[in-house]
Amino acid sequence: MESTINTNGANIMGNNSNPKVSATLRTLIIDNYDSYTFNLLQLFDADQLENVVVIHNNQVEWYRFKEEIFPHFDQVILSPGPGRPERIEDFGICTQILETSHIPVFGVCLGHQGIGWIHGGKVTYGAEPVHGQIAHIRHDGSGLFKDIPQEFDAVRYHSLVVQEKDLPTDLIATAWCYSFPLIPADNLDRGVRCSMAAALHDTNRTLGAKSIMGIRHKTLPHHGVQFHPESICTQYGKQMMANFFAISSDFYSDHARSTPSGALPDHVRALSIIATAPALSPSIHSVPSRPAPDTMRNLPASSPYSLYIHGLDSTVFPDPEVVFSRLFLTGPRSKAASWWLDSARQPHPMSRFSFMGGVETRQVHRQPQSVSLVNTVPGSSQAVFQYSTLHNEINVRRYDNDSMESSVRRIHLNPQDKDSSKRTFWDWASRVMNEF
């Protein structure tokens, strides 16, 4: 595969990488106030985390940042976040970083849109808002997507996109997907449903609007993806991060710098909003069950607090994916409306918690003169809510206590409705919660 060389002779495609260089690259993550920022850390290897610092996009004034902080880093990751890249309140110092930086940058979601906007692209509303939708990503096989199969699954959480039309010549679209219309099946006649079902199995997958899912700059090592590589349901996220490290390694190799120089100074590490070094956030395999007695004796006598760290044996506790599969993907709960929020890539220094649950459908075993309910879910006070942001409509499915029958009620929301509980989803949800 050919490489693209910038005006300074730097290879920005990332074809080869030196593991030693990758491990010592000093990475700055700019947090645009998004919870997914911390999930990004799970894409790093443990040795790479030693050289990672995370700061908010407005934590340090630009004049101080460019002089005292920025020179100590080799690459930057711009996190997802709410809002628009054009708004300083939403994007903070990310704007100046992209305007002035010639070192490798990886933008995710909002960071991706910022790369597009700063380099002359237009950020507009997409064909529809997508929040938690899995897309099938096609790509050009270069840079971030090297050694990644076509049509891999990726999770999208966004309503804005970098517009493909009139994309500046300095920007190259590296990945894209096609959206499927978000139309409730009940609103479609049988013929339309059948044609959509056929399209879903079409390997071309070209139904719906085309959206840019990845871009890179022609001469600068700036790369972005619109989807979330850090999401638990996105495939090859760790490979994409490894490819970014390879891009950075090649960048410095072409600048006749075999390894990044200098450790991160203490005043820079102190700015991090999350501890990333193993000494501060140890893995479950390296933590003693409690501090040594000598360490406890050395605590200040005046301190009213003691810190105990207990490392859990990963062999004792089942893998979260196994738990989720057995609870909600197989057996009587296999048709549950289930959910899983996870930060548990085990073993990993950044692993913390897994939250999962679901609303199950009833299974009824009828016997003479008796009715046995196999799953005590959901009852008269429980229901499944489906909210369509496209149609501004709520579907409420309630289940009968004594059968598998259910009823569906549709609620159309209108900001101008005289009934204040029907103006937004949150107004309606607040009213429902107050009824319990």
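The values are calculated or read from the model by the stated rules, or taken from the named source; none is laboratory data. Given the structure is predicted, the values throughout are model-derived calculations rather than measurements. Every residue, glycine among them, receives a Cβ derived from its backbone with ideal geometry; neighbour counts consider all protein chains shown. Just the protein is used for accessible areas: all its heavy atoms, side chains included, with ligands, DNA and RNA removed. Shrake-Rupley method; radii C 1.70, N 1.55, O 1.52, S 1.80 Å.
Using 0.36 nm per residue and subtracting the Cα-Cα separation, the extra length available between H131 and I411 on full extension is 98.8 nm.
Our compactness index for segment 57-119, the C-alpha radius of gyration over the empirical 2.2 N^0.38 Å, is 1.02. Label-to-label distance for Q59 and V396 is 4.4 nm, based on points extended 7 Å past Cα in the beta-carbon direction. Taking amide hydrogens as placed 1.01 Å from N in the peptide plane, the amide H of Q75 sits under 5 Å from those of R26, L28, each at least 5 positions away in sequence or on another chain.
Using the Karplus relation 6.51 cos²θ - 1.76 cosθ + 1.60 with θ = phi - 60°, the per-residue 3J(HN,Hα) values for segment 154-165 come to 9, 8, 10, 9, 6, 10, 9, 9, 7, 5, 6, 5 Hz, with x marking Gly and Pro. With a threshold of 24 Å on the Cα-Cα distance, the over-threshold entries among K122/K210; K210/K422; K122/K218 are K210/K422.
Summarising the amide proton neighbourhood of V52: residues at separation of 5 or more, or on other chains, whose placed amide H is nearer than 5 Å comprise T27. What the phi angles of segment 232-245 give under the Karplus curve with 6.51, -1.76 and 1.60, with θ = phi - 60°, is a coupling list of 5, 9, 8, 7, 6, x, 5, 5, 5, 5, 4, 5, 5, 4 Hz, glycine and proline written as x. If a/c stays under 1.5 just call it rounded; otherwise compare a/b with b/c (prolate if a/b is bigger, oblate if not). Do that for segment 106-165, with a ≥ b ≥ c from the square roots of the Cα gyration tensor eigenvalues. Since a/c reaches 1.5 but b/c is at least a/b, the shape of segment 106-165 is classed as oblate.
For the pair R423 and C233, a Förster radius of 35 Å applied to the C-beta separation gives a FRET efficiency near 0.65, rounded to the nearest 0.05. For Q150 and A263, the difference between the fully extended length at 0.36 nm per residue and the C-alpha to C-alpha distance is 36.8 nm.
Rounded to the nearest 20 debye, the dipole magnitude of segment 61-118 is 120 debye, with +1 charges on Lys and Arg beta carbons, -1 on Asp and Glu beta carbons, and the Cα centre as origin.
Farthest towards the positive end of the charge dipole of segment 40-151, among the residues L40, F65, Q113, is the Cα of Q113, using unit charges on the Cβ of Lys, Arg, Asp and Glu. Ligands, DNA and RNA left out, the 1.4 Å accessible surface of segment 69-173 is 51% carbon and sulfur atoms.
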